[in-house]
1. Among F263, F347, which is within 16 Å of the ligand (Cβ to nearest atom) and either more than 19 Å from the chain's Cα centre (by Cα) or within 24 Å of K20 (Cβ to Cβ) (or both)?
2. Can you pull out every residue in the stretch 146-159 that is over 22 Å from P228 (Cβ atoms) and more than 16 Å from the ligand (Cβ to nearest atom)?
3. Quick test of your reading of the structure: P116 fulfils all but one of (1) within 16 Å of the ligand (Cβ to nearest atom); (2) closer than 15 Å to I3 by Cα; (3) in contact with a Gly (Cβ under 9 Å, 6 or more places away or on another chain). Name the failing condition by number.
4. Could you list, in sequence order, all residues of the stretch 225-248 that are away from the ligand (no atom under 15 Å from the Cβ) and in contact with an Asp or Glu (Cβ under 8 Å, 6 or more places away or on another chain)?
5. Check R315, R235 and return the single one that is in contact (Cβ under 8 Å) with a residue 60 or more places away in the chain, basic (K, R) and either surrounded by fewer than 24 Cβ atoms within 10 Å (Cβ to Cβ) or out of contact with any helix residue (DSSP H, G or I) (no Cβ under 6 Å at 6 or more places or on another chain) (or both).
6. For the subset of the stretch 160-183 comprising residues that are part of a loop (DSSP other than H, G, I, E, B) and among the hydroxyl-bearing types (S, T, Y), which member is nearest to the ligand (Cβ to nearest atom)?
7. Hey, could you check the stretch 57-80 for residues that are outside any helix (DSSP H, G or I) and touching a Phe, Trp or Tyr at 6+ places or on another chain (Cβ under 6 Å) and say which is surrounded by the most Cβ atoms within 10 Å (Cβ to Cβ)?
Amino acid sequence: MIIYSSDYNLHQDPNHIENKDRTNSIMENLSNQKILDSVPILNPEKATTEDLLRVHSPSQLNYIQDFCAQGGGYLDFDTYATSQSYDVALLAAGGAITAVKKVENGEKWAYSVGRPPGHHANREKSMGFCLFNNTAIAVEYLRELYPKKRFLIFDFDVHYGNGDADIYYQDPQVMYISIHQDPHTIFPGKGFIEEIGSGKGEGYNLNIPMSPGSDNSDYIWILKQILPTIFDEFRPEFLLVESGFDGHSDDPLSQINLDEDFFSWIGEYLMDLQGSMAVMLQGGYNLTALAQSNTSFINGLMQQKLLATEKYKDRNKIEENYLNRDKVSKNTLLTLKKIKDNFSPFFGL
Ligand SMILES: [Zn+2]
């Protein structure tokens, strides 16, 4: 099911790339493709102050609330908030909570198509278009209400989710895996292989930085080398996925060359690995690519049951097309080797 509200449109700056046209395009395409005939839409609940305080500091909460109450503006060079953004941010965090609740109660997948996104926000700071860390708020909600010990956050946004990483860097119960463009070449300049977590959390922060120019073949190959082992050995009790579509070749913010086939594949692959998941929308800034990629991704979550046409291939067909070591770049091979070197004390990669 999809968790969505048109109230997300109230967090809006038409001159900013992260604006209401994003979620509107996604929902419109899902409707045009008749996906919404078979996938229900549910309204997000609103997160409470208590929900937010499990992750964010009281001063951070008050700061954003006051900033919005005074009319909003820019929090830093690229993150805006309007007079309504605090309320919308509570709804985006609440959407993530609604999604995890639904999955906890037996849904195979629930997808929070919410804004503003969250994975750059840490306990003390909003940044990178994100106000609060929606995913962490959902994890902490689950952790308090259900006796779970192993959460896996998998993030395929083209940027590193430095907020998630910061929040869980020393926490062995919440493993964060991110595949993203090489941080030497893109915001936020963090997310290197050597950042593996610290203290008790050492070995539970796994970064897969990809060179500019990487494509479906690189991504599918390296993920198939890493994810099965992690799922087998970490045995997540709950999977949260941060879906970013800014690694698409048409996206203006990255130099990664994925297309709809990858997003379809990753939806189906994750479903095959875990069987259920809550998903939280992150980036994606070319409206056409974002909309089509989301439709493909959801078709993947549904194991291609929604759109069985030539254009929408199942995971085996996609792997036939792209999964070939000869198509994988030298940099990707080297990245895997470095990851294995760093993680051999923790996982049998
Ligand atoms: Zn991004």
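1. Sole residue among the options that is within 16 Å of the ligand (Cβ to nearest atom) and either more than 19 Å from the chain's Cα centre (by Cα) or within 24 Å of K20 (Cβ to Cβ) (or both): F263.
2. Across the stretch 146-159, the qualifying residues are Y146, P147.
3. Only one criterion is unmet by P116, namely (3).
4. Pass one, the stretch 225-248, residues away from the ligand (no atom under 15 Å from the Cβ): 225-240.
Correct list: F238 only.
5. Testing whether each residue is in contact (Cβ under 8 Å) with a residue 60 or more places away in the chain, basic (K, R) and either surrounded by fewer than 24 Cβ atoms within 10 Å (Cβ to Cβ) or out of contact with any helix residue (DSSP H, G or I) (no Cβ under 6 Å at 6 or more places or on another chain) (or both) leaves just R235.
6. This residue is Y160.
7. Within the stretch 57-80, the subset outside any helix (DSSP H, G or I) is 57, 70-80.
Among the residues that remain, those that are also touching a Phe, Trp or Tyr at 6+ places or on another chain (Cβ under 6 Å) are: 74, 79-80.
Numbers: Y74: 12, T79: 19, Y80: 21.
Here the answer is Y80.
Table: residues versus (1) in a loop (DSSP other than H, G, I, E, B); (2) within 23 Å of F231 (Cβ to Cβ).
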| position | (1), (2) |
| --- | --- |
| E242 | no, yes |
| D250 | yes, no |
| Q255 | yes, no |
| Y269 | no, yes |
| L290 | no, no |
| S293 | no, no |
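The values are calculated or read from the model by the stated rules, or taken from the named source; none is laboratory data. The structure presented is a predicted model; accordingly, all values stated were derived computationally and were not measured. Reconstructed Cβ throughout: ideal geometry from the backbone, glycine too, with neighbour counts over all protein chains shown.
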